[in-house]
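Novice: Below is the structure I would like to discuss, written out as structure tokens.
Coordinate-derived values only; no laboratory data. Nothing here was measured: the structure is a model prediction, and the numbers come from that model. Neighbour counts are summed over all protein chains in view; Cβ atoms, including those assigned to glycine, are modelled from backbone coordinates with ideal geometry.
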Amino acid sequence: MIEIVPYNDDITCIKTATEQDGQAIMFVYSYLIRDTLFDAGCGNAISKFQEFVSTREINHVYISHSHEDHVGCLHIFDGKAKIYANKMTEQALREPQTIGEFFDFVWGQPKPVSEITTMPSTFSIGDLSFEVIPLPGHAADMVGYYEPDKRWFFSFDAVPLPSKKKIAMPEENIPQMVATMKKIRDMDIEILFDSHKGPIDNPREHIQLRIDYINMIEKEARVLHEDGKSIEEIQDVLGLDGPWYLEMTKDRFGIDFFLKSLLFDKVEP
Ligand SMILES: [Zn+2]
């Protein structure tokens, strides 16, 4: 399913999701700014997505990172619009990973894309000027876009959707994610454009709430770890429960991955 939500004269939110019983399982946002698209949505919504973009002239597509909910409809632009991605993302777009049954149901398996241009460090859309900002943590290759005059920041998945993040993928680096969140928090931003929450008009409080929770869990987990407790025991003592779908992710997400990363991963300088 698709919902088109104009945000202002420049930005249109394109919300896509797999539909179940008339409801979105989970929306992901792509953003359309004039002839430029930021990310390319949920693959299971491709017919609706294609229908919408056929009414617009899209010449540029900037990809934040290669997760399937951001690139599901990207292949329809292959050779038709200029697709930008950094080197690491580019490789994953050329040869997408097989995502497994649950994620195929929730988002859809991305198809390979071949014509990709290297992400520049800055770009313009008309009179809007964007800086490309690395946002490691959630994904090592993720980037965001900052428009300093408008004070817009497109942060994609840099800030976790739940205020109490407690599951992670093994490749996520939680201390790095916190460092990235602090970097965004301290920038001069009026509106944060998130990939699952949409535009956020109180970015500082929104980010701080998430940092505070992770810091609190980190402190508690470290005391237990120094006391000789295992990851499993720490999870029990802290009473950390996963969401209902956690088992269906077949170990792509886990509370143990979150705790291990929190305790042992380091922030890259
Ligand atoms: Zn992601």
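Novice: Could you list, in sequence order, all residues of the range 103-120 that are surrounded by 15 or more Cβ atoms within 10 Å (Cβ to Cβ), touching a residue at least 24 places away in the same chain (Cβ under 8 Å) and charged (D, E, K, R)?
Specialist: Answer for the range 103-120, where residues must be surrounded by 15 or more Cβ atoms within 10 Å (Cβ to Cβ), touching a residue at least 24 places away in the same chain (Cβ under 8 Å) and charged (D, E, K, R): just Lys111.
Novice: May I pose another question? Yes or no: Gln50 part of a helix (DSSP H, G or I) and surrounded by fewer than 20 Cβ atoms within 10 Å (Cβ to Cβ)?
Specialist: Spelling it out, Gln50 is indeed part of a helix (DSSP H, G or I) and surrounded by fewer than 20 Cβ atoms within 10 Å (Cβ to Cβ).
Novice: Against the condition of a type outside the set (A, V, I, L, M, F, W, C) and touching a Cys at 6+ places or on another chain (Cβ under 9 Å), how does Pro203 come out, does it pass?
Specialist: no
Novice: Looking at His65, His75, can you tell me which residue is under 14 Å from the mean Cα position of the chain (by Cα) and surrounded by 14 or more Cβ atoms within 10 Å (Cβ to Cβ)?
Specialist: Criteria check complete, one pass: His65.
Novice: Hey, does the range 221-229 have a residue that's assigned to a loop (DSSP other than H, G, I, E, B) and among the basic types (Lys, Arg)?
Specialist: Scanning the range 221-229, I find at least one residue that is assigned to a loop (DSSP other than H, G, I, E, B) and among the basic types (Lys, Arg), so the answer is yes.
Novice: Still on this structure, please answer the following. Which one of these is farther than 21 Å from Glu171 by Cβ and within 16 Å of the ligand (Cβ to nearest atom): Phe130, Phe154, Phe123, Phe105?
Specialist: The match here is Phe154.
Novice: Among the listed residues Ala81, Ala24, which satisfies the condition of being over 16 Å from the mean Cα position of the chain (by Cα), crowded, with 18+ Cβ neighbours inside 10 Å, more than 16 Å from the ligand (Cβ to nearest atom) and of a type in the set (Gly, Ala, Ser)?
Specialist: Ala81
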